[in-house]
1. Please return the ranges of strands (runs of 3 or more DSSP E) entirely within the stretch 150-222 where 2 or more residues are β-branched (Val, Ile, Thr).
2. For residue 364, all conditions in the list (1) closer than 14 Å to residue 428 by Cα; (2) acidic (Asp, Glu); (3) surrounded by fewer than 22 Cβ atoms within 10 Å (Cβ to Cβ) hold save one; what is the number of the exception?
3. Please pick out the residue among 432, 415 that is among the charged types (D, E, K, R), buried (at least 24 other Cβ atoms within 10 Å of the Cβ) and touching a Ser or Thr at 6+ places or on another chain (Cβ under 8 Å).
4. Looking only at the stretch 302-333, count how many residues are buried (at least 21 other Cβ atoms within 10 Å of the Cβ), in a loop (DSSP other than H, G, I, E, B) and either touching a Leu at 6+ places or on another chain (Cβ under 8 Å) or acidic (Asp, Glu) (or both).
5. Could you tell me whether residue 347 is touching a residue at least 24 places away in the same chain (Cβ under 8 Å), in a loop (DSSP other than H, G, I, E, B), within 21 Å of residue 293 (Cβ to Cβ) and in the same structural domain as residue 380 (by TED's automatic domain parsing)?
6. Restricting the first residue to the stretch 292-314 and requiring it to be under 17 Å from residue 329 (Cβ atoms) and modelled with pLDDT under 95, which pairs with a second residue that is assigned to a loop (DSSP other than H, G, I, E, B) and not β-branched (Val, Ile, Thr) meet a Cβ separation below 8 Å and a spacing of at least six or different chains?
7. Scan the stretch 194-216 and report the pairs whose first residue is on the phi > 0 side of the Ramachandran plot and in the same structural domain as residue 232 (by TED's automatic domain parsing) and whose second residue is assigned to a strand (DSSP E or B) and at pLDDT 95 or above, with Cβ atoms within less than 8 Å and a gap of 6+ or a chain change.
8. Which residue is farthest from residue 399 (Cα to Cα), if the candidates are limited to the stretch 487-517 and must be among the hydroxyl-bearing types (Ser, Thr, Tyr) and surrounded by 14 or more Cβ atoms within 10 Å (Cβ to Cβ)?
Amino acid sequence: MRLVKSTVFLVLIAVTAPAAALPEFLDEWRAVYPTSTADDFACQLCHQRPSGGSPWNAYGWNLREAYRDPLNNQTDFGLAVLQVENTDQDGDPLGATAVQEIEIGAQPGWREGSFNTFFSSNGDRLTNQPPPAGLPNSTILDFPTAIQDPISSPISTGLGVGLQEVAGGFNSPVKAVAAPGLSDKIFVVEQTGKIICVDLASGDKTTFYDVSSRLVDINPDYDERGLLGLAFHPDYQNNGLFYTYQSEPVRSSDTEFVDFSTQPNSEASNHRSFVVENFASGNGCAVSAQALNNVLIIDQPQSNHNGGDLAFDSSNNLYISLGDGGGRNDQGVGHGLNGNGRNNENVLGTILRINPLGSMPENDNYSVPSTNPFVGGLPGVEEIFAYGFRNPYRMSFDAQTGDLYTGDVGQGDIEEIDKVIAGGNYGWNWKEGNFFFYNPSSGSYISGVAPPNLPADLIDPVGEYDHDEGISITGGYVYRGTNIPSLVGKYVFGDFAGTDFNAASGRLFYLDLQTQVIREFAVCPSVPGYVIGFGQDANNELYVLTNDTINPAGVQGKLLKIVEPTSDVDLPPQCQVSDELCVPIRSAGGAVAVICL
């Protein structure tokens, strides 16, 4: 992967003394501006006329734009600028550094009022200088105002459905997957490492496969790592192949085989994401399965934002969802200067598309489809199908149209649903949902004001909600079953915990893809736990996966089928409302909750 150089540049700043001289960079600077008479690496290095001594000229602005160009090779100078500019020069309330202000296209070193100081090359000092006049119209003075309530209208109640318990006693079930040729079974992925085969008629459970010995040590209190994804090859009936996405520790034995990494050479990754090809001999739930091949190994800087989903399209290509690598705001070690999401030259913050049965001269574990958007010389990793994601947690294909959808978990304000197209840039960390994302030193926020350097190709979500309604989206499926006609063509999804991370009170929603309006399935008294996954069976009927604790080692996870409402139930007092149709969430021991329309 090609290294993108620093994108920070020196401009006039508010300081109390000249910056320290860095003469080793002067020759490089003079190669860009040979008429400069600057002899110090400070503000005047970029802000003097060819004759020297003037308080302002276009040098600084032009230099800044030149070093934004990823084809420019002046990397060392850009890093030198970073040494000088990584401080808050103007003392604004947000604590933004000059580097951060430059990155959003604002004027570094200026805020409202005239208090700035300029140091000329001969040592003269000019105080209270106003911001420069005559700059391009694409600049802004400083960070814009935050939006406090981005989506003020609450989500309304819509269609009624029931939930029927199929099986319980799971350890943090994160997904349920149908296997080709086994219409009476569904396979539940437990985060702690097991794949459980469930008989849909009886609810009987059989361990199908266990990879727990390969996983990282999962934090018993809360963790986003583990066995996260499962996809059966479309020809599974004949070839017995299935694929898993699993979080494994860093081992010296596989270091040389890591396919992708954003880690500096001196920094170890938190863990590695493995996409593994496995083989099952036999049929049904009782099989003999083994790992065949590590298809991909990817370094992960932090423990969170792993994405971790797998899905096959109708052409037998495998899609892999990857988060931005963790941390906050897509920043820190392993995130580069601007974040992984906005950079299509690394695989974090993307959805990949590969052929796992193909091979290439440089990699015999898979091949890259020739129709991938960055094949053929365009900038970008050839395996990438789409990018600009923060944490695409659960993706799925519409069983009728073949359209790909994902739920992308937001930072602090917006949860979004994206319709994913080839080559699409979904905006993180330029945007969070439909809003513009800013990250000064005091903490990130969203605004309605676009930064002047915003890319023109960003794709907005097809659905979004703010944190008045939830805190972490769990992506689902477009309903294409037959049991609930009113739900056909709508995207069913959930929120992990509603508005309280510490309460097992997930919410269930659906999105009308035509109107882009989100509605909630009314639940009384509540959804029975955190909503941590969805499933789809061979008949395109949908399932919800819940857990009663954020502890991955809990044993109260449930597989619940979404069913048509009925009214043959004695209602609890809180659901005895006139003109409502209410139905039970059924379990082996009777109704445990009631859905009210």
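The values are calculated or read from the model by the stated rules, or taken from the named source; none is laboratory data. All figures in this text were calculated on a predicted structure; none of them were measured in a lab. As a convention, Cβ positions derive from the backbone with ideal geometry for all residues, glycine included, and neighbour counts pool all protein chains shown.
1. Passing ranges, in order: 173-177, 185-190, 194-199, 205-210.
2. (1)
3. On the way: 432 fails: touching a Ser or Thr at 6+ places or on another chain (Cβ under 8 Å).
Only one candidate passes the filter, namely 415.
4. Selection size over the stretch 302-333: 9.
5. Against the criterion (touching a residue at least 24 places away in the same chain (Cβ under 8 Å), in a loop (DSSP other than H, G, I, E, B), within 21 Å of residue 293 (Cβ to Cβ) and in the same structural domain as residue 380 (by TED's automatic domain parsing)), residue 347 qualifies.
6. Filtered contacts from the stretch 292-314: no entries.
7. 203/166; 203/167
8. Among them, the one singled out is 505.
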